[in-house]
């Protein structure tokens, strides 16, 4: 299945709902346990540890008391709430290969919505750049998945990023605690990003930041000087291969590390996603986050 989950292969599928079904069904087929365990989790049962089981699921508190290893298992809740915030600012249109950052984020957003729908969770969507462009309230009503897919599929590249407006908007409309997943390239000062998001965390929501970047943004390979243009400000600068290899790499690495560190110190989960990464890896990472929360 791995070759079918490659983002560049998925880009050849015309319908976004089919992309989501391909990703999730392929991901679930690769699991050695029921797909009803591990997404939005509610404790279901213990079972004895057997060789080959993932040690991360061992309940070490029980082991300390009994000197016997047991694994926790979970079942999906029917009333969990997930809201996906999708950044469609101009920089998300960048690509060094077949798939843009926005396309990758669309695939992941649709896949998570499909997974939520399969497990009867309420899913919603907020699309933003420097304004809120679309908002679909979290719901489990019939047809919600197709409403979400339609909104995701019709999200268009916008202007500059403004995290303040969408997060003020979502605080007004989220009436209950849940999971908020943000898909963005986060071209903003890490302090500003985290400060803007912290109020949602204070209200008991779980925040997950998926930092979507193109491989060439992380490790650029230049053979000669080029003129680079900022996709949001239109500012231009000439970049030499030596600068891209040394100073740029240091700066982007520092930005990623600062965002990761500040997010985790605020109790917010952070994960970097390259747009050449298979989608099932992204889903597995997301489910691992959920398991770690329980």
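The values are calculated or read from the model by the stated rules, or taken from the named source; none is laboratory data. Please read all numbers here as calculations on a predicted model, not as lab measurements. Cβ sites come from the backbone with ideal geometry, for glycine too, and all protein chains shown count toward neighbours.
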For this session: May I ask you to verify whether residue 104 is farther than 25 Å from residue 159 by Cα and not in a loop (DSSP other than H, G, I, E, B)?
Result: no
For this session: Report, by residue number, each residue of the stretch 143-162 that is modelled with pLDDT of 90 or more, out of contact with any strand residue (DSSP E or B) (no Cβ under 8 Å at 6 or more places or on another chain) and closer than 12 Å to residue 87 by Cβ.
Result: 157
Problem set entry | Answer residue from the stretch 39-59, given it is in a strand (DSSP E or B) and at pLDDT 70 or above and is surrounded by the fewest Cβ atoms within 10 Å (Cβ to Cβ) among those | 48
Exercise. Would the stretch 71-83 turn up any residue that is in contact with a helix residue (DSSP H, G or I) (Cβ under 9 Å, 6 or more places away or on another chain), at pLDDT 90 or above and over 18 Å from residue 173 (Cβ atoms)?
Worked result: no
Problem set entry | Scope the stretch 87-102; condition over 20 Å from residue 233 (Cβ atoms) and crowded, with 20+ Cβ neighbours inside 10 Å; matching residues | 99
Problem set entry | Hey, residue 166 buried (at least 20 other Cβ atoms within 10 Å of the Cβ) and not in a strand (DSSP E or B) or not | yes
Problem set entry | Failed condition for residue 264, given (1) out of contact with any helix residue (DSSP H, G or I) (no Cβ under 9 Å at 6 or more places or on another chain); (2) modelled with pLDDT under 90; (3) more than 21 Å from residue 116 (Cα to Cα); (4) in a helix (DSSP H, G or I) | (2)
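Checking the condition more than 19 Å from residue 207 (Cβ to Cβ), in contact with a helix residue (DSSP H, G or I) (Cβ under 9 Å, 6 or more places away or on another chain), touching a residue at least 40 places away in the same chain (Cβ under 8 Å) and surrounded by fewer than 18 Cβ atoms within 10 Å (Cβ to Cβ), which residue from 120, 160 passes?
Among 120, 160, only 160 is more than 19 Å from residue 207 (Cβ to Cβ), in contact with a helix residue (DSSP H, G or I) (Cβ under 9 Å, 6 or more places away or on another chain), touching a residue at least 40 places away in the same chain (Cβ under 8 Å) and surrounded by fewer than 18 Cβ atoms within 10 Å (Cβ to Cβ).
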Exercise. Within the stretch 197-252, how many residues turn out to be part of a helix (DSSP H, G or I) and more than 19 Å from the chain's Cα centre (by Cα)?
Worked result: 15
Exercise. Is there any pair linking a residue in the stretch 60-71 that is part of a strand (DSSP E or B) to one that is surrounded by fewer than 10 Cβ atoms within 10 Å (Cβ to Cβ), with Cβ under 7 Å and at least six apart or on different chains, and which?
Worked result: 70/48
Exercise. For residue 214, all conditions in the list (1) under 30 Å from residue 57 (Cα atoms); (2) modelled with pLDDT of 95 or more; (3) touching a strand residue (DSSP E or B) at 6+ places or on another chain (Cβ under 9 Å) hold save one; what is the number of the exception?
Worked result: (1)
Exercise. What pairs come up if the first residue lies in the stretch 244-260 and is assigned by TED's automatic domain parsing to the domain that holds residue 271, the second is assigned to a helix (DSSP H, G or I), and their beta carbons are under 6 Å apart, counting only those six or more places apart or on different chains?
Worked result: 258/190; 259/190
Exercise. What do you reckon, is residue 207 under 20 Å from residue 262 (Cβ atoms) and crowded, with 16+ Cβ neighbours inside 10 Å?
Worked result: yes
Problem set entry | Filter result for residue 225 (in the same structural domain as residue 103 (by TED's automatic domain parsing), at pLDDT 80 or above and surrounded by fewer than 16 Cβ atoms within 10 Å (Cβ to Cβ)) | no
Seminar exercise, completed: Out of (1) surrounded by 21 or more Cβ atoms within 10 Å (Cβ to Cβ); (2) at pLDDT 95 or above, the one residue 179 does not meet is (2)
